[in-house]
Amino acid sequence: MLRADRVRMLERIGKQMGAIHILVSNAGVSPRERVDILRASEESFERVMNINLKGSCFLTQAVAHGMIDEKRRNPEGLFCIINISSSNALAASTARGEYYISKAGVSMATKLWAVRLAEFGIPVYEIRPGIIDTAMTAVVKDTYDTMIEEGLLLQKRWGTADDVGRAAAMLACGDLPYSTGQVIHVDGGQLISRL
């Protein structure tokens, strides 16, 4: 998201709805082509980083300033920031490395924002989805169907946008008030180490 777009969007929100109390930063695109990291282009890297990481960081920065001001006026108000990363933040695949790097960056940004905004009583969380049925994963549906059937996940099904939304709603409602900086895995048990 470009700076001018962020400013315009936040001005419109401010006029129509007032202060922002909840930010869910859900930007995420894959590279246009799944290529080996040895052949990834700078253009692809920049596109993915600009959307997935840079846009999220600077939108959070802009919204955080408003939240801090509003929190000072309304100390009892409920505020939070929720970053959507990916289970790929902890994995490695050389086929679309720029995506994995961007989501690892979102994970670190969550920690940094949690530390920085703690003094203002604004919690920051990370939701780390696994294999979610979206347009982005449609191109690898058959591959993941097989992997899920063979035991990749403890819960043998695709995750849904609703699964991710329910986790975000829980955080937005203030149901984990003493857990800033924490990660909520919505991955069907994918990342649990097993023997």
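Whenever a residue of the range 167-195 is within 19 Å of LEU90 (Cα to Cα), its partners that are part of a strand (DSSP E or B) and of a type in the set (Val, Ile, Thr), lying with C-beta atoms within less than 7 angstrom and at least six residues away or across chains, give the pairs GLY181/VAL124; ILE184/ILE127; VAL186/ILE127. Among the residues of the range 127-150, is there at least one that is of a type in the set (Gly, Ala, Ser), under 29 Å from ALA40 (Cα atoms) and touching a helix residue (DSSP H, G or I) at 6+ places or on another chain (Cβ under 7 Å)? Yes, the range 127-150 contains a residue that is of a type in the set (Gly, Ala, Ser), under 29 Å from ALA40 (Cα atoms) and touching a helix residue (DSSP H, G or I) at 6+ places or on another chain (Cβ under 7 Å).
Listed by position, the helices (runs of 4 or more DSSP H) contained in the range 1-81 that have at least 1 residues being in contact with a Phe, Trp or Tyr (Cβ under 7 Å, 6 or more places away or on another chain) and surrounded by 17 or more Cβ atoms within 10 Å (Cβ to Cβ) are 42-49, 55-73. In the range 163-195, of all residues being charged (D, E, K, R) and outside any loop (DSSP other than H, G, I, E, B), the one that is surrounded by the most Cβ atoms within 10 Å (Cβ to Cβ) corresponds to ASP163. Note on the range 82-115: among residues that are surrounded by fewer than 17 Cβ atoms within 10 Å (Cβ to Cβ) and among the β-branched types (Val, Ile, Thr), the one that is farthest from MET170 (Cα to Cα) is THR94.
Checked against (1) over 20 Å from GLU46 (Cα atoms); (2) in a helix (DSSP H, G or I), ALA91 passes all but a single condition, namely (2). The residues of the range 117-138 that are part of a helix (DSSP H, G or I) and in contact (Cβ under 8 Å) with a residue 12 or more places away in the chain, listed by number, are LEU117, ALA118, PHE120. All conditions in (1) over 15 Å from ARG128 (Cβ atoms); (2) within 14 Å of the chain's Cα centre (by Cα) hold for ALA104, with the sole exception of (1).
Take the residues of the range 74-109 that are under 17 Å from LEU53 (Cβ atoms) and touching a Lys or Arg at 6+ places or on another chain (Cβ under 7 Å): which is modelled with the lowest pLDDT? Looking at the filtered set, the residue picked out is ARG96.
Scanning the range 1-51 for residues that are at pLDDT 95 or above and among the hydroxyl-bearing types (Ser, Thr, Tyr) turns up SER25, SER41, SER44.
The values are calculated or read from the model by the stated rules, or taken from the named source; none is laboratory data. Everything quoted here is computed from the prediction, not taken from an experiment. Every residue, glycine among them, receives a Cβ derived from its backbone with ideal geometry; neighbour counts consider all protein chains shown.
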